[in-house]
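**Q** I am attaching a structure below and will ask some questions about it afterwards.
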Amino acid sequence: MENKGKGGAWQTFSIWFGLGALMFGTYCGANMASGVYASQYIVTLGGGWALVWLLIFFAAMAFFCVTGLNFVRAYKVSNYNSYYLALYGLEKPNSNPTLKMIVTIFFDIYSTMMGLVTVGATIALFSQLMNQLFGIPNTIASIGGVLLFAALTVNGAGFLRKFNGVMTVTLIVSLVAIMIAVFAIRGDVIAARIGNFEEGPNWGISTVNAHLSMFLAYCATCSQWGSSLSNYGDRLRNQKDAIGSGIMIGALVTLLFVMTGIIVLPFMPDVVSDSAPILTICQKYLPPVLTAVYWVVVVFSVVSTAPSFTFNFSNRWATVWKSDKVSHKMKFFILSTGYLLVCWFISRVGLIAIVNKGYTLLGKIALPTIVLPLIISIPRVMKKNREEREQKQA
């Protein structure tokens, strides 16, 4: 797991930036691209408090990724199941099998819940897009999305994942273009609101205390990213890489919130209830060419997100389905369709409700089950580091 080679400054940067860019692309999905994250989490109380939320998010994301990556490096885990078993001190072969089973099942359920919330939000946005694009009723658009995502999971998810990087770069370029266009027409509003702590709370959307509680719960969900990053732990050479990569991840993902927040801020509070605020801004205030570009990119973002999460679920449980009477491809389709139907049911509550309620619930679950064990793991990792140094010196 840990490469002893020192490498030069460029190699160090490539490792840190590589993991940062990976998480940057992962976060740049439907919720982020639509601007809902910005309107519901960052600029809800105006430009002054937005700076506070951005600092809190950066600190939380960087801390959890640094701690998670350092744990991955120290315990040499390479998938989410081994990560959580090690986090609970159950990584040894002679560990209690009952406790290992409980931890495995619990985090299988938690990972499934995270996927359900994310894909549910994606279906909600997909139906919204199809309704605005072609006038298709939301229910019919949702059913079409379920069938499309199921088919892509079976036949085309790999293709989509290969081109996810291109889609992400295209999305970022479009966000920068939109941000420049927004500055051109609302730059004075942005300048007046940045650092203003009084205007936002007067909008009546939420109170500072209520929003802080919800936002901290959302930040707690960042604690689960260590399990995802365990798949890329072989890139880490030492503890310095774990720390540098974690800080880079925090900075790049926070940059996404900054860009979408700047776009949405001057149109608050009018777009706070909009399930696709950036799209609405493009349609009402910006040149048609930007709207056209943004339509295509967001559709790509939506279509690429759902099959990836659905594939992870179907791939996990297709191996448990032992029957030889059903082909592997059919198992995938049945599991994917069932999973997406549950996501469709969740999507009916609406994108904003999913973002506000779903991630808040997952954050509250993560607080005692992931955040606390992760904090407790810090002295464990420090002890393990000391033991390794002593073995080298012996």
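**Q** Taking segment 291-345, which residues are more than 12 Å from V154 (Cα to Cα), in contact (Cβ under 8 Å) with a residue 12 or more places away in the chain and among the β-branched types (V, I, T)?
**A** T291, V293, V297, V298, V299, V302, V303, T305, V342
**Q** Further question: Do you know which residues across segment 343-360 are open to solvent by 100 Å² or more (accessible area, probe 1.4 Å) and not hydrophobic (A, V, I, L, M, F, W, C)?
**A** R348, K357
**Q** Tell me which residues, restricted to segment 150-178, are surrounded by fewer than 18 Cβ atoms within 10 Å (Cβ to Cβ) and either of a type in the set (F, W, Y) or at pLDDT 80 or above (or both).
**A** A151, F159, F163, V173, V176, A177 - these are the residues of segment 150-178 that are surrounded by fewer than 18 Cβ atoms within 10 Å (Cβ to Cβ) and either of a type in the set (F, W, Y) or at pLDDT 80 or above (or both).
**Q** Let me confirm something: among M113, M101, M130, which residue is closer than 25 Å to I378 by Cα and assigned to a helix (DSSP H, G or I)?
**A** M101
**Q** Could you please find all residues in segment 361-386 being polar (S, T, N, Q) and either open to solvent by 80 Å² or more (accessible area, probe 1.4 Å) or closer than 19 Å to D108 by Cα (or both)?
**A** The answer is T369, and nothing else.
**Q** Restricting to segment 278-325, name every residue that is open to solvent by 40 Å² or more (accessible area, probe 1.4 Å), within 22 Å of M32 (Cα to Cα) and not in a helix (DSSP H, G or I).
**A** Once the filter is applied, which keeps residues that are open to solvent by 40 Å² or more (accessible area, probe 1.4 Å), within 22 Å of M32 (Cα to Cα) and not in a helix (DSSP H, G or I), segment 278-325 yields only P287.
**Q** Turning to a different aspect of this structure: List the residue pairs whose Cβ atoms are under 7 Å apart, where the first residue sits in segment 97-116 and is under 15 Å from A86 (Cα atoms), the second is open to solvent by less than 30 Å² (accessible area, probe 1.4 Å), and the two are 6 or more positions apart or on different chains.
**A** Note: pairs meeting the criteria are L99/L90; K100/L85; K100/L90; V103/Y84; V103/L85; V103/L90; F107/Y84.
**Q** While we're on this one: So, in segment 182-218, how many residues would count as being closer than 14 Å to G261 by Cβ and of a type in the set (A, V, I, L, M, F, W, C)?
**A** 6
**Q** Would segment 130-148 turn up any residue that is touching a helix residue (DSSP H, G or I) at 6+ places or on another chain (Cβ under 9 Å), open to solvent by less than 30 Å² (accessible area, probe 1.4 Å) and at pLDDT below 85? Explain how you work it out, then say what you get.
**A** First, pick out the residues of segment 130-148 that are touching a helix residue (DSSP H, G or I) at 6+ places or on another chain (Cβ under 9 Å): 130-134, 136-148.
Now drop any that are not open to solvent by less than 30 Å² (accessible area, probe 1.4 Å), which leaves 130, 141-142, 145-146.
Now drop any that are not at pLDDT below 85, which leaves 130.
Within segment 130-148, one or more residues are touching a helix residue (DSSP H, G or I) at 6+ places or on another chain (Cβ under 9 Å), open to solvent by less than 30 Å² (accessible area, probe 1.4 Å) and at pLDDT below 85.
**Q** Keeping to segment 50-67, report how many residues are closer than 23 Å to G187 by Cβ and surrounded by fewer than 24 Cβ atoms within 10 Å (Cβ to Cβ).
**A** Residues meeting the conditions: 4.
**Q** Right, next: Looking at the structure I just gave you, is N70 open to solvent by 10 Å² or more (accessible area, probe 1.4 Å), touching a Lys or Arg at 6+ places or on another chain (Cβ under 8 Å) and either of a type in the set (S, T, N, Q) or modelled with pLDDT of 95 or more (or both)?
**A** no
**Q** Let me ask something else. Tell me whether segment 256-269 contains one or more residues that are open to solvent by less than 10 Å² (accessible area, probe 1.4 Å), within 19 Å of R186 (Cα to Cα) and not in a helix (DSSP H, G or I).
**A** Within segment 256-269, one or more residues are open to solvent by less than 10 Å² (accessible area, probe 1.4 Å), within 19 Å of R186 (Cα to Cα) and not in a helix (DSSP H, G or I).
**Q** Looking only at residues in segment 326-339 that are small (G, A, S) and within 18 Å of G120 (Cα to Cα), which one is least open to solvent (accessible area, probe 1.4 Å)?
**A** Per the criteria, the residue is S336.
**Q** Taking the condition of being open to solvent by 10 Å² or more (accessible area, probe 1.4 Å) and in a helix (DSSP H, G or I), how many residues in segment 228-243 meet it?
**A** Result for segment 228-243: 8.
The values are calculated or read from the model by the stated rules, or taken from the named source; none is laboratory data. Nothing here was measured: the structure is a model prediction, and the numbers come from that model. A quick note on method: Cβ atoms are made from the backbone with ideal geometry, for glycine too, and the neighbour counts reach across all protein chains shown. What goes into the accessible areas is simple: the full protein's heavy atoms, side chains included, and nothing from ligands, DNA or RNA. Shrake-Rupley method; radii C 1.70, N 1.55, O 1.52, S 1.80 Å.
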